[in-house]
Every structure is written in structure tokens, then in C-alpha cells.
Amino acid sequence: MCNLYSLTQGQDAIRRIFAPVLRDGGDLRDRTGNLPPQPGIFRDYAAPIIRNSPDGYDLIRARWGMPSPAFALKGKRTDPGVTNIRNTGSAHWRRWLGVQHRCLVPFTSFSELDARPGAPRNHPVWFALDHDRPLAFFAGLWTRWTSVRKLKEGEVTADLYGFLTCDPDATVAPVHPKAMPVILTRPDEWRRWLTAPTPLALTLQRPLDDGLLHIVAEGRRDDGA
């Protein structure tokens, strides 16, 4: 599962790439403030997402990790959140599959730990659409939730997000054979994920076509290229 990704391009790049979606109407309101490069985004870090709003779309920051299912919290005092979502048929996730809870998560690369024979232990492998790390989006879900994320922080109400996973493509599978994030690369896919009825939106929960992803770095805990 992907528990580390990067976003090294800022608001201007996100606005430019998302502009074709706005031609159908609506604005993209930037509520992130100063958005520095984030070469390493880990669980519970705050990072930008695009979500629906009454006037179009909002670019906000949210914390990575959706609320955990009740069974996963037994005996625990905190809920650090679920970063990756696979089983959209689960009652826990179905409540957030409507358009009001769908979002796009911008990224430039993502990492999986290397499971290839002979690989060093805990060896990160970074994937991107090309070596210049162009922007794309994960298909995500978000919600506002009250919980204890960290004991020292206590109970907080925060906007949370996670993204869908699917079977891996031919590039990811040798490194991480279980799953990869659902990646959306075209304006029609972004529009469908944000606005389509749930059954149509969920047809996007599939791997990229083989050959679109590339290994761009290995062995480091961030990807600032």
C-alpha cells in the first residue's frame, strides 16, 4: 500500500492542469495559503486536495488518513487513519462514495517498498508518469471527522482524506504485487470522478495502462526532483 508520496509543484501548476475542468463552469478557490513543495508526504501529514463546493471546487489542505473501521480501533487510544481504500463495497466506505465526499489528490510521484527478490529491506521505489514528474491526481475520498489522531494532540475535528487503490500495473507489480493507487491523468477522468453517479465513477478504480508509469528513483525517503 502507498504510505508515501510527493507533490513538488504548487498552486499555479495545479490551477493550470485543472483548468479544462473549469470550462464547464465553476471556479477553483484556493484555500491552502502558502503551499511549499512536499517531497515526502507521510500518513497524517496535511496536503492539498480538490473537492466539490457549491460554487465549483475548493483547493484545501487535509490530513492524510480517513477514519478507520471500528474493528481496527478495538483496544486502541488513537486513530492515525487509513491512507489507502480498496474495498468500496464495505459499509464503512460506502457512506463516503457520493460526490460530496469525492476528491482529487494531486501528486508528482509515489513510493512503494520494494518486494523484488534480493531487494534491501525497507527500500523505497518511486514511480511517476515521467522523469520530469508531471502532475496527476489520485482518486480520493474526504470527510470532516472528530477523533484522537495523536495522544499529545487530543481530540480534534479535521478534514481527512485517503485514496483508492486497485490491482498494480506491469511497472508496479514486480515491486508491490498487491496494489497501486488509482491514478487519473485526463480532464474527463477528473470530471467523472468529481461529478458522476457512483457506479460510473467507480469504473475508474483500475490500474493505469501498462507503460505509463516509470521508476524514477530508489532508496530514499523523499522525492524532491
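What spacing in nm lies between the two simple spin-label points modelled at Asn3 and Arg31, each 7 Å away from Cα in the Cβ direction?
Between Asn3 and Arg31, the label points sit 3.0 nm apart.
If R0 is 22 Å, what FRET efficiency do you get for Leu22 and Val156 from their C-beta distance, rounded to 0.05?
Efficiency for this residue pair is about 0.10.
Can you work out the PRE-style zone for Thr195? Point 7 Å along Cα to Cβ, and I want the residues of segment 92-116 with backbone N under 14 Å.
Inside the label zone: 99-100.
What 222 nm value per residue comes from the helices of the chain, counting each DSSP H run with n ≥ 4 as -39,500 (n - 2.57) and dividing by all residues, nearest 500 deg cm²/dmol?
My calculation for the chain gives -3500 deg cm²/dmol from helical runs alone.
Assign unit charges at the C-beta atoms only (+1 for Lys and Arg, -1 for Asp and Glu), then state the dipole size of the chain relative to its Cα centre in Debye, rounded to the nearest 20. Write out the running numbers ahead of the final one.
Numbers: 30 positive and 24 negative charges, 180 e Å.
For this selection, approximately 860 debye.
Name the residue, out of Thr78, Thr32, Thr108, whose mean-square fluctuation peaks in a Gaussian network model built on the chain with Cα pairs under 10 Å.
Thr78
From the phi of every residue in segment 26-34, what ³J(HN,Hα) in whole Hz does the Karplus formula 6.51 cos²θ - 1.76 cosθ + 1.60 yield, where θ is phi - 60° and glycine or proline is x?
Couplings: x, 10, 10, 8, 8, 10, 8, x, 6 Hz.
Would you mind telling me which residue in Pro177, Pro197, Pro124 has the biggest mean-square fluctuation in a Gaussian network model of the chain, where springs connect alpha carbons within a distance under 10 angstrom?
Result for the chain, Cα springs under 10 Å: Pro197 fluctuates most.
Could you compute the FRET efficiency for Phe71 and Gln205, with r as their C-beta to C-beta distance and R0 at 25 Å, rounded to 0.05?
0.65
Rank Leu164, Leu200, Leu129 by how far each Cα sits towards the positive end of the charge dipole of segment 105-225 (+1 on Lys, Arg Cβ; -1 on Asp, Glu Cβ) and give me just the farthest.
My answer, from the dipole projection, is Leu164.
Which is farthest toward the positive dipole end of the chain among Ala13, Ile60, Gln38, measuring Cα position about the Cα centre, with Cβ charges +1 (Lys, Arg) and -1 (Asp, Glu)?
Ile60
Which of Arg149, Arg144, Arg191, Arg102 comes first, and how do the rest follow, when ranked by fewest Cβ neighbours within 10 Å? Before the final figure, lay out each step's value.
Working: Arg149 20, Arg144 10, Arg191 16, Arg102 24.
Listing Arg149, Arg144, Arg191, Arg102 from fewest to most nearby Cβ atoms yields Arg144, Arg191, Arg149, Arg102.
Whole angstrom only: what separates the Cα centroid of segment 106-134 from the Cα centroid of segment 5-27?
Going from one Cα centre to the other spans 24 Å.
Taking all pairs of distinct Cα atoms, average 1/r, flip it, and tell me the Kirkwood hydrodynamic radius of segment 14-126 in Å to one decimal place.
The answer is 16.8 Å.
Any idea what the dipole of segment 75-123 comes to, in debye rounded to 20, about its Cα centre with Lys/Arg Cβ at +1 and Asp/Glu Cβ at -1?
It works out to roughly 220 debye.
Using θ = phi - 60° and the Karplus curve 6.51 cos²θ - 1.76 cosθ + 1.60, what whole-Hz ³J(HN,Hα) does each residue of segment 176-182 get, with Gly and Pro shown as x?
Running phi through 6.51 cos²θ - 1.76 cosθ + 1.60 with θ = phi - 60° gives 9, x, 7, 6, 8, x, 7 Hz.
Rounded, prolate or oblate for segment 116-184? Axes are the square roots of the Cα gyration tensor eigenvalues, ordered a ≥ b ≥ c, and the cut-off for rounded is a/c under 1.5.
Because a/c hits 1.5 or more and a/b exceeds b/c, segment 116-184 counts as prolate.
In a Gaussian network model over the chain where Cα atoms closer than 10 Å are linked, find which of Leu135, Leu208, Leu151 has the largest mean-square fluctuation.
Leu151
Taking 0.36 nm per residue of sequence separation and subtracting the Cα-Cα distance, how much length would be gained by fully extending the chain between Val99 and Ala225, in nm to one decimal?
Going from the current span to full extension adds 42.0 nm.
Given the C-alpha atoms of the chain, compute the convex hull and give its volume per residue in Å³.
Given the Cα convex hull of the chain, per-residue volume reads 132 Å³.
Computed from the coordinates by the stated procedures, all read-outs in this text should not be read as laboratory data. Quick caveat: nothing in here was measured; it's all calculated off a predicted structure. In this analysis, Cβ positions are derived from the backbone assuming ideal geometry, glycine residues included, and neighbour counts consider all displayed protein chains.
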